[in-house]
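What follows is a short report on a single structure.
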Amino acid sequence: MCGIVGYTGSDIAKNILVTGLKRMEYRGYDSSGVALEVGEGAAAHLDVIRRVGKVAGLESELSNIDSDATCGIGHTRWATHGKPSVVNAHPHTSCDGRIAIVHNGIIENFAELREELEGRGHHFKSETDTEVFAHLIEEAYAETHDLMASVREACTHVVGAYGLAAVCADEPGVIAVARKDSPIVVGVGETGSYVASDVIALIDATRDVVVLEDGQFAKLTPAGVEYTDEAGNVIEPKVTHIDWDLDMAEKGGYPDFMLKEIHEQPRVVRDTLVGRMTPAGELDIDELGLSLEELNDIDRVYVIACGTSYHAGLIAKNLIEGWARIPTEVEAASEFRYRNPIITPTTLVVAVSQSGETADTLAAIRDARIKGAKVFGITNVVGSPVARESDGVIYTKANKEIAVASTKSFIGQVVSLTLLALLLAQVKYRLTTKQARMLFRELSDTAEQIQWILDTQTEAVHEAALLCKDAQSALFVGRGMGAAISYEGALKLKEVSYLHAEAYAAGEMKHGPIALIDPGFPVIAVATKSATYDKTVSNLMECKARGAKVIVVATEGDEEINKIADCIIRVPAVRDVFSPITASVPLQLLAREVAILRGCDVDQPRNLAKSVTVE
């Protein structure tokens, strides 16, 4: 949610800012804007240009402005305080217009601060919490005449989360940056210094970036960057090298990012597994962070996550309990810290987050650590807050995911959680080396099985989508692993096609959901060959008897399902525990195809953001 970009150097700033903002469009936003340092000496001032809607509108406006400014900041906003409007868009300015700021996060005590500032004569122009920062910095600057020191002072008054960049007309070429609970990355390129909330905005300029920690500050100038702590002491930053390139973030000939990323899933499986098992048959997770003795002591697991990651957690519960025999609970991260879960030093909390910066998940991690739990992260972003705040981590190796609806990240999460379950089972001596090696080999085989689905099931997916496109609602059902996949399938359909969908364990059909079914109502079932297959088929026969259009994800070669299905999407036969990896792919394709038929933007669905960095 929201995006920050800033540049100071020798190149034209407006072009760099627009390019950076466009790179971050996938995160979700409703308005955008830039602040440029213009003029010199007594004529120095800030030009602030803001627009509601796509960055293309801002770009068009800037193309009509003849500006050679070489320093500026930009922002894409996702409304939290105040409606989407020009006046609420960033950057926000001080009373005198000499200071401009962009901010990600939420200021929890903004109402109190605003009242105090207004009492001291400050005039607010917007409804946002962010504007408080501009006035706090303005007050401090009147005393210090030092932008970096003023930003540091302003932060002492704020309760909440912030990633912040500020410029001042009286300090040309300087960008002051602060971070607390909201991602900020800084880099230095050949022509200047850069700041952004997402490394994708900097990738053209540099591959070596500094991910600011909470309580760290950065002063950017054309010559370089100085990093300081809360007391103003100079610190030595940790540099992270980015090993993916911009080509990985482009469409590569596909009509949209979502389809491209669905087709990248065989590679994600391979990359996530490469080097993970030794010739001796032992799991090798070099980022483990926990000793084998600590893992052997684990007697309870919580998987905490949001959205798609939560559904990956449901799959992990089955694997960890089934293989390692450790009691496992899956919780929405947004709820976890608001109750009093049983946590001891032998509790393992597994935090799953595609971006590694999900606010609710980070808050849950911190709460769990305070209570003494061990924490393990599953994320796609190296050096992300989840990775840094966990004892150990498995990276999903999905590379950059641009489409808002997660597809390849979900598969990467499921594969990574499967590795963790295998590791715990080995440590607990619940699986022999021979068994673990066999399961790892079958897990690796899912890469080819996904490719088979992508190569052969396009027509079946299209036929299924035609049965759904004009519906008002849809029902997803499955049992066991199929239930978890159904939850994810329903979410995907809602996200990208705006078609209402619900998912239930198929055995719950009689307890209410069957009342929804009337002639033509689409029921999408995961009914692969498993111990619960016959019962699932029985449930589908009830739906068929009531006139439902039955769409089934079924195992290749299953002829029995032909008797009740209106449309069948085939998947290869796999061990039941690996069915989520294969059976989820047809549901991703189906959601996208329905969305295309309904004229929806599959990469940037309305009201959604790729990275949810506020609670």
Q: Report yes if some residue within region 361-372 is in contact with a strand residue (DSSP E or B) (Cβ under 6 Å, 6 or more places away or on another chain) and hydroxyl-bearing (Ser, Thr, Tyr); otherwise report no.
A: yes
Q.
Quick check on Gly160: is it crowded, with 23+ Cβ neighbours inside 10 Å and at pLDDT below 95?
A. no
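So which residues in region 31-50 are among the aliphatic types (A, V, I, L, M), closer than 14 Å to Val102 by Cβ and touching a residue at least 40 places away in the same chain (Cβ under 8 Å)?
Val34, Ala35, Leu46, Val48
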**Q.** Cross-chain or 6+ apart pairs with Cβ under 7 Å, region 51-69 first and at negative phi and among the hydroxyl-bearing types (Ser, Thr, Tyr), then surrounded by 13 or more Cβ atoms within 10 Å (Cβ to Cβ) and modelled with pLDDT of 90 or more
**A.** Ser67/Lys14; Ser67/Leu36; Ser67/Val38; Ser67/Asp47
Q) Only one residue in Ile49, Ile4, Ile16, Ile65 is outside any helix (DSSP H, G or I), β-branched (Val, Ile, Thr) and farther than 12 Å from His75 by Cβ, so which one is that? A) Ile65
Q: Could you figure out which of (1) surrounded by fewer than 21 Cβ atoms within 10 Å (Cβ to Cβ); (2) in contact with a Lys or Arg (Cβ under 6 Å, 6 or more places away or on another chain) isn't true of Ile65?
A: (2)
Q) Can you tell me which residues in region 549-589 are surrounded by 24 or more Cβ atoms within 10 Å (Cβ to Cβ) and more than 21 Å from Ile315 (Cβ to Cβ)? A) Ile551
Q) For region 152-260, which strands (runs of 3 or more DSSP E) that fit wholly inside it have 1 or more residues that are under 23 Å from Ala134 (Cα atoms), more than 19 Å from the chain's Cα centre (by Cα) and touching a residue at least 24 places away in the same chain (Cβ under 8 Å)? A) 162-168, 175-180, 185-189, 192-196, 216-221, 224-228
**Q.** Residue check for Ile343: in the same structural domain as Ala364 (by TED's automatic domain parsing), touching a residue at least 60 places away in the same chain (Cβ under 8 Å) and in a loop (DSSP other than H, G, I, E, B)
**A.** no
Q: Check Ile106, Ile137 and return the single one that is at pLDDT 95 or above and closer than 21 Å to Ala196 by Cβ.
A: Ile137
**Q.** For Asp129: the one exception among (1) in a loop (DSSP other than H, G, I, E, B); (2) surrounded by fewer than 20 Cβ atoms within 10 Å (Cβ to Cβ)
**A.** (2)
Q.
Out of Gly82, Gly105, I need the residue that is touching a residue at least 40 places away in the same chain (Cβ under 8 Å), buried (at least 24 other Cβ atoms within 10 Å of the Cβ), assigned by TED's automatic domain parsing to the domain that holds Ala223 and at positive phi. Which one?
A. Gly105
Q. From the list Arg479, Arg546, which one is in contact with an Asp or Glu (Cβ under 8 Å, 6 or more places away or on another chain) and either surrounded by fewer than 20 Cβ atoms within 10 Å (Cβ to Cβ) or closer than 22 Å to Thr418 by Cβ (or both)?
A. Arg546
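The values are calculated or read from the model by the stated rules, or taken from the named source; none is laboratory data. It should be emphasised that the depicted structure is a prediction, and the values quoted were computed from it without experimental measurement. Note that we place each Cβ from the backbone using ideal geometry, even for glycine, and neighbour counts take in every protein chain shown.
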